[in-house]
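The values are calculated or read from the model by the stated rules, or taken from the named source; none is laboratory data. Since this is a predicted model, take the numbers as computed values, not measurements. Reconstructed Cβ throughout: ideal geometry from the backbone, glycine too, with neighbour counts over all protein chains shown.
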Amino acid sequence: MTYSPVSRKAIGLLILVFVLGIALGAVGTRLISGSVYGALQNPQQSAPLPIRAVARLTNELNLTTDQQVQLDGIFKNMQSGYDAVRRQMNPQIDQVREQGRSQIRQVLTPEQLPKFEDYLRRLDEDRRRRNSNR
């Protein structure tokens, strides 16, 4: 079966909208579940990652106090490394994000654009809030 160039473009746009819909749905679900379940966390889960990791390993492996101190330092160094990698990758991630958003804008109607921009504003505010808590 052969498709005309217009049909191919329409199919391509349909696939793009479908994939972007899944991606946006996943992000929205993550944001909502994070808000809902974040409020239900126990105090240990709201502790910084190195503290949670050391506590979990202490329970699992019956660590000594000396081992706990050493692991705490190791986990803090790992977290610093993760943060450094994130800072290096952020400009590239921002570029990909902005390209995707531009493509989405091209698919939306003039009536949908303001709602989409409002959605993006809320999404960006949530991201800034999460990043400031690190």
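One table, with the values for the structure above:
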item	result
Failed item, numbered, when residue 53 is tested on (1) more than 26 Å from residue 27 (Cβ to Cβ); (2) surrounded by fewer than 12 Cβ atoms within 10 Å (Cβ to Cβ)	(2)
Total residues in the range 56-75, condition in contact with a Leu (Cβ under 9 Å, 6 or more places away or on another chain) and of a type in the set (D, E, K, R)	0
Search result, residues across the range 84-114 that are loosely packed, with under 11 Cβ neighbours inside 10 Å and among the charged types (D, E, K, R)	87, 94, 98, 111
Criterion (surrounded by 10 or more Cβ atoms within 10 Å (Cβ to Cβ) and more than 26 Å from residue 12 (Cβ to Cβ)) met by exactly one of 60, 117, 125	125
Which numbered condition residue 132 fails, given (1) surrounded by 10 or more Cβ atoms within 10 Å (Cβ to Cβ); (2) within 22 Å of residue 30 (Cα to Cα)	(1)
The range 106-134 residues that are more than 30 Å from residue 49 (Cα to Cα) and in the same structural domain as residue 93 (by TED's automatic domain parsing), paired with ones that are part of a loop (DSSP other than H, G, I, E, B) and not small (Gly, Ala, Ser) (beta carbon under 7 Å, 6 or more apart)	116/108
Unique match (being hydrophobic (A, V, I, L, M, F, W, C), in a helix (DSSP H, G or I) and at pLDDT 75 or above) among 71, 63	71
